[in-house]
1. Can you work out which of the residues in region 362-390 that are more than 17 Å from Gly327 (Cα to Cα) and among the hydroxyl-bearing types (Ser, Thr, Tyr) is surrounded by the most Cβ atoms within 10 Å (Cβ to Cβ)?
2. Is at least one residue of region 364-375 touching a strand residue (DSSP E or B) at 6+ places or on another chain (Cβ under 7 Å), without any contact (Cβ under 8 Å) to a residue 24 or more places away in the chain and outside any strand (DSSP E or B)?
3. Tell me which residues, restricted to region 319-344, are surrounded by fewer than 19 Cβ atoms within 10 Å (Cβ to Cβ), closer than 19 Å to Lys301 by Cβ and touching a Gly at 6+ places or on another chain (Cβ under 9 Å).
4. Which pairs do you get when a residue that is over 14 Å from Leu188 (Cα atoms) and part of a loop (DSSP other than H, G, I, E, B), found in region 247-263, comes within reach of a residue that is modelled with pLDDT of 95 or more and open to solvent by less than 10 Å² (accessible area, probe 1.4 Å), reach meaning Cβ atoms under 6 angstrom, with the pair 6+ apart or on two chains?
5. Among the strands (runs of 3 or more DSSP E) contained in region 402-499, which hold 3 or more residues that are of a type in the set (A, V, I, L, M, F, W, C), surrounded by fewer than 15 Cβ atoms within 10 Å (Cβ to Cβ) and within 29 Å of the chain's Cα centre (by Cα)?
6. Tell me, which residue of region 391-401 that is polar (S, T, N, Q) and farther than 27 Å from Arg334 by Cα is surrounded by the most Cβ atoms within 10 Å (Cβ to Cβ)?
7. Pairs needed: first member in region 96-107, within 14 Å of Phe316 (Cβ to Cβ) and surrounded by 24 or more Cβ atoms within 10 Å (Cβ to Cβ); second member anywhere, polar (S, T, N, Q) and at pLDDT 95 or above; C-beta distance under 6 Å; at least 6 residues apart or different chains.
8. Please note which strands (runs of 3 or more DSSP E) are completely contained in region 113-179 and include at least 2 residues that are surrounded by fewer than 20 Cβ atoms within 10 Å (Cβ to Cβ) and in contact (Cβ under 8 Å) with a residue 24 or more places away in the chain.
Amino acid sequence: MSNLNTEIERRRTFAIISHPDAGKTTLTEKLLLFGGAIKLAGEVKARGAARRATSDWMKVEKERGISVTSSVMTFDYQDCTFNLLDTPGHGDFSEDTYRTLTAVDSAVMVIDAAKGIEAQTRKLFEVCRLRDMPIVTFVNKLDRDARDTFEILDEIEQTLALDVVPASWPIGMGRGFKGCYDLFNDRLILLETEKKGELPSLGTPCEGLDDPKLDELLPAHAVAQLREEVEMARELCPAFDQQAYLDGTLTPVYFGSALNTFGVREILEGIGKMAPSPLPQPAKERSIEPLEKKMTGFVFKIQANMDPKHRDRIAFFRIASGQFKKGMKLKHVRSAKTLSVHNAQLFLAQDRATAEEAFAGDIIGIPNHGNLRIGDTLTEGETLHITGIPSFAPELLQSVRPIDPLKAKHLGRALEQLAEEGAARVIKRLIGSDWIVGVVGALQFDVLADRIRTEYSIPVKFEPSSLMTARWIEGDTPTDVKKFLDKNQGDIGEDHTGSPVFLARNGWHLNKAQDDFPELRFLATKEQTF
């Protein structure tokens, strides 16, 4: 049992969140470099000849140079096993990010030093706040002209209502960026541009900021500025408080340049020391503790066609408690059937290895043929329903048809698979043969059209519809729901799970339905539990 406890306590499962272009994917690559998971950092610029980032494996991501689906990467560094979940920064793919954040215990927030906190960062931070998630902040791109350090700290504090504690302090910026002083470990770490592509040195240990070594290694004006600024920062900012960080009310702030692999080691060491090991997971019946002997877990994401040669579907599964062993028989709570899991996978982006064993906190991939859905719980026998995995009503709705009418049936199957992935809401009207596709952001339509064409060989056309929004219908009795469905047949569809959906043409149409049927609930957010 002690081995189980040790293994679980050394897990750190975290996500990286940021606005697009803040450097999140570059940081992901460099963290993997330290973990020895990759030997060469990919260039993340979307130029034809440049190497693509390891975490952006989907064809459309390579073409557009953005992350549109969450990737999972597992690696070891020092005494910890890290499960890193890279999330889409683009707002149009935020739903995938929301669900990913249900599967992690902490987050790293990446901020562009020149731009500060941007809209998508704030939105994702609010999701973390709902879960009181511990957050480490990385202020990136110090090798370019940046805003004043105090201004950045003040913005984090004011905009996000978080206490800030500098973990490192930058020395200069842009062309004058010399490096950082590591305040948590008293080390001077200099930027070594001539060693591009190599891991940076550990830095020079110092006896505090008065150490004469600083005067030898830095220009006089840089040392004077460093000492003055850090003294001011220590007066203005609270001391680091581990409990406040774990409660999600305080963030340690690191400075660096992911492109130059600078400041990355300090973040990784910081997560190892400060971030929580796997946390309890809420279930309808009770709280699930990670150190319980019996294994439980939940599906937070489905990805189809990770391997285009085999029409595979992988369920991304967060282990909530205990230990997974290859060949285990698990209860699929929604269907009450038993599943034998022989070929679960561990991930390095799209590279996979068979999981012989895994522990609470780990993310494994379970290949399946559509029997697993987002929100499903698997256990060693107990009936538990893990909660908190959201589904959102779409904000944009379009109808979709195949360019070749003979492929209509194939299109239906493709759409259902994409819906089970959580890539879009797919609604089949009760009257007529129309498929309605709902998304959170317009870019998703382009990505879906591209995926349906390349993965399923069905060229399709998305067309604007007269619909404004969709709402799931729930009532306390089946009779109430049936009465509404019978009266509004032309405005009703079913999603891929068979749940009834009301399709509203405008705000008035939705309000009238709510006024006429006050006993029903018209849901914009629905919990994915079965």
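1. Thr377
2. no
3. Arg334
4. As it stands, the answer is Gly248/Pro134, since those pairs meet every condition given.
5. In region 402-499, there are no strands (runs of 3 or more DSSP E) which contain 3 or more residues that are of a type in the set (A, V, I, L, M, F, W, C), surrounded by fewer than 15 Cβ atoms within 10 Å (Cβ to Cβ) and within 29 Å of the chain's Cα centre (by Cα).
6. Gln398
7. Partner pairs satisfying both residue conditions: Val104/Thr13.
8. Counting at least 2 such residues, we get no strands (runs of 3 or more DSSP E) at all.
The values are calculated or read from the model by the stated rules, or taken from the named source; none is laboratory data. Keep in mind it's a predicted model, so treat the numbers as computed, not measured. So basically every Cβ, Gly included, is an ideal-geometry build from the backbone, and we count neighbours across all protein chains shown. Just so you know, the surface numbers come from the protein's heavy atoms only, side chains and all, with ligands and any DNA or RNA stripped out. Shrake-Rupley method; radii C 1.70, N 1.55, O 1.52, S 1.80 Å.
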